[in-house]
Amino acid sequence: MHQSEKEWRLDNDQVKSAEKLIWSVEDYTTQVIPITPRPGIHAIAFALKEPLDAIGAETTEVAMDSTWKTNQAGYELYSLVAELNGCAVPIAFIFTTSDGTAEPGTKDLMLQDFIDFIAKRCPNIKFTNSDKETSEINA
């Protein structure tokens with residue numbers, strides 16, 4: 001194990017390690033976003049405190065994008081960025097995976113939890129952008 005790895009690998013299980021790392025910096029740099037536990041799906045979500053605190057109330061446009069198989073556990077990563085003077089500013093992220101047993105619509109509900117949190121912190125959103133699947137748009 002490299003020296004720097006000792007600082008961020010907090011558990012041999014990569015999912016537990018990520019959760020511990022995010023919790024270790026909550027109230028300092030991140031805010032954990034509560035996601036309702038649902039059978040067949042798992043999510044780790046957090047917001048970046050500094051940009052969200054600085055521009056959340058003024059944000060009128062956001063974009064959501066995702067990528068999949070970001071790690072050995074096959075998690076998808078969704079990012080939410082706000083627009084500030086023509087620049088994209090990352091404000092929140094959610095890692096999610098499904099074991100294939102989730103009921104139809106479960107992913108939509110999970111993303112709705114994520115979006116609901118952001119909507120409370122960014123109450124003036126007027127435009128949303130996404131080039132992905134319907135569940136992102138429905139959320």
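Can you report the number of residues in the range 74-85 which are under 25 Å from residue 49 (Cβ atoms), open to solvent by less than 40 Å² (accessible area, probe 1.4 Å) and part of a loop (DSSP other than H, G, I, E, B)?
Residues that pass the stated criteria total 1.
Which is more than 18 Å from residue 129 (Cα to Cα) and not in a loop (DSSP other than H, G, I, E, B), of 54, 88? Break it down stepwise before answering.
On the way: 88 fails: more than 18 Å from residue 129 (Cα to Cα).
So the residue among 54, 88 that is more than 18 Å from residue 129 (Cα to Cα) and not in a loop (DSSP other than H, G, I, E, B) is 54.
For residues that are more than 12 Å from the chain's Cα centre (by Cα) and open to solvent by less than 30 Å² (accessible area, probe 1.4 Å), scanning just the range 103-135, find the one that is modelled with the lowest pLDDT.
135
Let's see how each residue does on (1) touching an Asp or Glu at 6+ places or on another chain (Cβ under 9 Å); (2) of a type in the set (A, V, I, L, M, F, W, C):
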site	(1), (2)
27	no, no
37	no, no
43	yes, yes
46	yes, yes
61	yes, no
66	yes, no
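I'd like to verify a number: residues in the range 42-62 that are touching a residue at least 60 places away in the same chain (Cβ under 8 Å), touching a strand residue (DSSP E or B) at 6+ places or on another chain (Cβ under 9 Å) and open to solvent by 30 Å² or more (accessible area, probe 1.4 Å), how many?
3
Any idea which of 70, 97 is modelled with pLDDT under 90, of a type in the set (Val, Ile, Thr) and exposed (fewer than 15 other Cβ atoms within 10 Å of the Cβ)? Spell out the reasoning first.
Details: 97 fails: exposed (fewer than 15 other Cβ atoms within 10 Å of the Cβ).
Answer to the check: 70.
The values are calculated or read from the model by the stated rules, or taken from the named source; none is laboratory data. The shown structure was predicted, so the numbers you read here are calculated from the model rather than taken from an experiment. In this analysis, Cβ positions are derived from the backbone assuming ideal geometry, glycine residues included, and neighbour counts consider all displayed protein chains. Surface accessibility is based on the protein's heavy atoms, side chains included, excluding ligands, DNA and RNA. Shrake-Rupley method; radii C 1.70, N 1.55, O 1.52, S 1.80 Å.
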